[in-house]
Amino acid sequence: MALLNSPAAKLAIVTVLLSLLVATTSGYGGPGQMVGGRTDIEDVKTNKEVQELGQFSVEEHNRSLIRTLSRRAGNGGAVGELKFSEVVEAQKQVVSGIKYYLKVSAVAKSGEQRVFDSVVVVKPWMQNSRELLNFAPSTDRDVHF
């Protein structure tokens with residue numbers, strides 16, 4: 001009994017209880033959701049931040065395309081450039097910052113409406129810290145407009 005009254009034992013008990021409390025509250029985002037897992041973003045079409053990230057994705061893709069074409073062809077031809085329409089689906093994941101997984105609808109120069117998968121990382125504690133990690137045609141056939 002004296003062992004439970006020692007400062008070390010009390011500290012150990014408090015540490016275990018706090019660990020359990022943290023694990024069951026802040027570490028658990030809801031049914032079926034794991035820490036660090038992706039979560040769906042609701043109301044994507046009215047979410048200003050998500051729509052801005054979609055616009056950023058298309059602009060970065062176009063800038064990259066223009067740089068690549070001008071290196072290859074020696075001109076700034078914007079063949080294949082896209083025009084942003086809207087983000088139609090989005091998820092986010094807390095990493096070292098926030099990683100956004102976007103389904104971006106854009107119009108090609110031919111007028112064809114296409115959907116692209118985009119991954120953008122934002123570090124909120126840094127000013128203007130958006131980085132496009134991936135932008136490619138979507139293979140998902142179940143995108144809802």
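The values are calculated or read from the model by the stated rules, or taken from the named source; none is laboratory data. Everything numeric here is computed off the predicted structure, so don't read it as measured data. Cβ: placed from backbone, ideal geometry, glycine included. Neighbour counts: every protein chain shown. For accessibility, only protein heavy atoms count, side chains too; no ligands or nucleic acids. Shrake-Rupley method; radii C 1.70, N 1.55, O 1.52, S 1.80 Å.
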Cβ pairs under 6 Å, 6+ apart or interchain, first in segment 114-136 and closer than 17 Å to LYS83 by Cβ, second basic (Lys, Arg), ordered by first then second residue, are VAL115/LYS103
Contact list, first residue from segment 36-55 and of a type in the set (A, V, I, L, M), second anywhere and part of a loop (DSSP other than H, G, I, E, B), beta-carbon distance below 7 Å, six or more apart or interchain, is ILE41/ASN47; VAL50/ILE41
Conditions (1) modelled with pLDDT of 95 or more; (2) open to solvent by 30 Å² or more (accessible area, probe 1.4 Å) -> VAL87 fails only (2)
Test LYS92 against the stated conditions and say whether it is modelled with pLDDT of 80 or more, outside any helix (DSSP H, G or I), within 26 Å of ASN128 (Cβ to Cβ) and open to solvent by 80 Å² or more (accessible area, probe 1.4 Å).
-> yes
ask   = Taking GLY97, is it modelled with pLDDT under 95 and closer than 15 Å to ARG63 by Cα?
value = no
